[in-house]
1. How many nm is it between the label spots at residue 104 and residue 58, if each spot is 7 Å from the Cα in line with the beta carbon?
2. Give me the one-decimal Kirkwood hydrodynamic radius in Å for the chain, with the sum taken over alpha-carbon pairs.
3. For residue 174 and residue 43 in the same chain, what is the full-extension length gain: residue separation times 0.36 nm, less their Cα-Cα distance, in nm?
4. If each DSSP helix of 4+ residues adds -39,500 (n - 2.57) and the sum is divided by the residues in the chain, what number results at 222 nm, nearest 500 deg cm²/dmol?
5. By the gyration tensor of its Cα atoms, with a ≥ b ≥ c the square roots of the eigenvalues, what is the shape of region 24-180: rounded for a/c under 1.5, prolate for a/b over b/c, or oblate?
6. What does the extension gain come out to for residue 152 and residue 233, with contour length at 0.36 nm per residue minus their alpha carbon separation?
7. Sort out for me the Cα centre separation of region 193-251 from region 1-55, rounded to whole Å.
8. Roughly speaking, what is the centre-to-centre gap between region 93-125 and region 147-180 when only Cα atoms are used, to the nearest Å?
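Read-outs throughout are calculated quantities, based only on the coordinates presented, and are distinct from any laboratory measurement. Note that this is a predicted model, so its numbers are computed, not measured. Every residue, glycine as well, gets a Cβ built from its backbone with ideal geometry; the counts of neighbours run over all protein chains shown.
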Ligand code: DGL
């Protein structure tokens with residue numbers, strides 16, 4: 001039986017990556033780890049972000065015998081990938097803004113990157129733009145508000161489209177391709193598309209991550225399971241949503257670090 005894949009994010013955004021992977025490779029076992037206790041990552045210092053994520057992921061990987069980790073968070077990936085790869089011997093797949101496909105697809109040569117403030121400011125993002133989109137005009141737009149909007153939409157099905165419209169009013173009229181550089185943002189894909197009167201191409205990193213993981217994983221397991229663990233409380237709305245997404249074990253663990261605090265398979269209702 002193959003070992004599980006661990007998908008990690010600050011909250012529910014990485015579930016967009018989980019869903020793409022689960023759909024493409026339903027025979028694998030998936031563990032999802034949400035660090036909701038520290039959401040949003042976009043507001044943490046790089047040091048606090050790195051130390052917390054590395055401790056949490058290392059502990060989980062040892063506990064659950066994971067074969068591969070997907071850092072399903074642009075904000076974390078653009079900061080912690082090198083540190084984590086130096087500490088773990090298993091493959092670590094990072095999710096970074098889909099600048100390359102956007103630059104290839106854009107006809108106007110004008111693209112916009114929507115991401116958290118931290119991702120927008122990271123040198124890693126500038127290097128991606130320099131490497132893959134130096135021939136384009138790239139408008140970088142920090143929209144941390146969309147993280148909470150996406151969390152709300154995932155749990156309760158509601159998004160404040162007036163606020164969204166105001167935020168996206170900043171997009172340059174010449175832009176024809178929008179990069180969703182935060183894994184939370186595809187949760188708002190339909191609402192984002194509806195903010196534009198013209199046809200806007202909207203790209204994210206899901207396809208690339210599916211291809212990368214497919215090339216790295218072991219054979220399928222006979223009993224695929226999906227396990228969800230959160231460093232914060234799981235309320236009943238989220239619990240019900242997760243069940244519909246195929247999670248059979250849902251755990252709420254209130255502490256981030258020591259391994260005995262993981263209670264795999266149990267659910268503390270709030
Ligand atoms: N989902 C995250 C990302 O892709 C982070 C959101 C946040 O915690 O600020 O960047």
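1. 3.7
2. 18.8
3. So the chain would gain 44.2 nm between residue 174 and residue 43.
4. -12000 deg cm²/dmol
5. Prolate, because a/c is 1.5 or more and a/b exceeds b/c.
6. So the extension gain works out to 27.7 nm.
7. First find each Cα centre; the distance between them is then 9 Å.
8. So the separation of the two Cα centres works out to 16 Å.
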